[in-house]
1. Identify all aspartates and glutamates with a Cα-Cα distance to B:Lys269 below 15 Å; exclude those on the same chain that are fewer than 8 residues away in sequence.
2. Viscosity 1.567 mPa s, temperature 4 °C: give me the Stokes-Einstein translational D for the protein assembly as shown in µm²/s, with Rh taken as the Kirkwood radius over C-alpha pairs.
3. Rounded to the nearest Å, what's the spacing between the alpha carbon centres of region B:113-151 and region B:297-361? Just the number, please.
4. Compute log10 of I(q)/I(0) for region B:6-117 with the Debye formula, placing one identical point scatterer on every Cα and leaving out solvent, at q = 0.09, 0.13 Å⁻¹, to two decimals.
5. Once all Cα-Cα distances of chain B are split into 20 Å bins that start at 0, what whole-number percent is in each one?
6. Checking the cross-link filter: which lysines have an alpha carbon closer than 19 Å to that of B:Lys383, excluding same-chain neighbours under 8 positions apart?
7. Give the Cα extents of region B:184-267 along the principal axes, in whole Å, largest first.
8. Apply the a/c threshold of 1.5 to the C-alpha gyration tensor of region B:119-176 and tell me whether it is rounded, prolate or oblate.
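Bear in mind that the values in this text are calculations on the coordinates, not laboratory data. In this text, all values refer to a predicted model and were calculated from it rather than measured experimentally.
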Amino acid sequence: MASSDLRLVLLAPDDNCLVVAQALRAEDRVNIDGESIAVAKAIGVGHKLARRAIARGEKVLKYGAIIGTASAPIARGEHIHTHNLESDYLPTYTLEAGRAFVAKHA
Amino acid sequence: MNASELRGYLRPDGRKGIRNVVAVAYLVECAHHVAREIVGRFREPVGNAPQSGSAVHLIGFPGCYPNAYADRMMRRLCTHPNVGAVLLVSLGCESFNRRKLEEHIRASGRPAATLVIQESGGTRRTIARGAEWVEEWLSELDAQVAVPMALSELVVGTVCGGSDGTSGITANPAMGRAFDFLIERGAACIFEETGELVGCEHHMARRAATPALGEEIIRCVAKAARYYATLGHGSFAVGNADGGLTTQEEKSLGAYAKSGAARIAGLLKPGDLPPAGGLYLLDVVPDGEVRFGFPNINDNAEIAELIACGAHLVFFSTGRGSVVGSAIAPVIKVCANPETYRKLEDDMDVDAGRILEGRGTLDEVGREVYELALRVARGAPTKSESLGHQEFILTYKTFEPAGPACLPAAA
């Protein structure tokens, strides 16, 4: 499924995130549903951007399915990752933070 | 269907192999070196595809304590259709029941022998005797003529390793398409890692052949979630997060795409053989209380379980760039990430990441994976085979037998 920007993939119509298909550099402008937004930092292939503003506590949808809960407010075009999204099942482990967060809903 | 689409080596149990392997199996870590040295006598230089259909592969179990799961895995692997003869290498004092295993292999109609290092004069003499035995049976296997094999006799497994955010949008759905093509033509296909399907259980249950099977699938994923929660974290490696995956359920949805669209015909445990063609889920998470650590400590532990379920070949999707192959069954590497493909082209069989760059569609890549599977099943070497990859690992686990609702077709 195409998004309005070929560097971003929309996997299902209801998704509130987009998958980066080509690496983005800081300050690159992307087009999200008609709005041109500068990305704040470099984002690699396979990572996610917010398709629209997502409130803290809101579910993030990819493939039309829930992949976790926003742990912080996320602006449109912002990188979605372990700093602002947490699993509803199991904690995610990263080298930097050790256990980045613990699951609250398991 | 064209009955002679493939060619296989006919075994006495009626199954056919797409490779003709002499397996050398160590029965405890203390016999590993001797077994490896025997296999080493027959190694081709890296980059050289095997010159004929037959080859010598190393498998084994390192533990000195007995384990019913490991016994069953070894029995299945030693009588896998790709295996034509088996040499067991024992130290002598380990717990593994070598006599029972050898009897089981002989009962399958395969030549088998056991060398006990403590009774064979030690390392040097055991290696020499083992190499002689292998040499003799290798030439026997070389002389064996392949017979026509139908696609409905083929079993294919799928696994993903070194996943990133591209795996779930390119390689995995493309392998799912290939599964759909294979299943339409009667093959049995197995997907796995219930711990990587946490979050997909209700969707899978809706695809199950019977409601009772659906309930078994939900139970088996709940078991996996519990197991991983006890261990402290899921089947989620640091590299997964570097590649853009954030949560276990996100990784799961991407992994789930490997299963394609067929209905789910059954739920297997390691060593269960699919009773007919169709799509099967393999439950890899042990039963009972948590023991022996992580269910599968790496990708090859999963690959070995798929092979123990009869998989002749395995599709392996990778985003970050795993380079592994396997003993006994060829591994087809499907690379999800176009940047990884450019870095590791020598190791990758399929460039699925080209979908992201507009150089191909999901259907085209799915078709390519399917057609490559047929070529490999006819004898063409995969990249990992020609590079000499024969990784193998088997560790401790505990399983209860699968319940009757798990295989409605066999009931």
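1. B:Asp71, B:Glu192, B:Glu193, B:Glu216, B:Asp283, B:Asp287, B:Glu302, B:Glu305, B:Glu400
2. The Stokes-Einstein estimate is 55 µm²/s.
3. 30
4. -0.23, -0.48
5. So the P(r) values, bin by bin, are 29, 60, 12, 0.
6. B:Lys333, B:Lys343
7. Reported extents, whole Å, longest axis first: 38, 27, 17.
8. Details: a/c = 5.24, a/b = 1.78, b/c = 2.93.
Because a/c hits 1.5 or more and a/b fails to exceed b/c, region B:119-176 counts as oblate.
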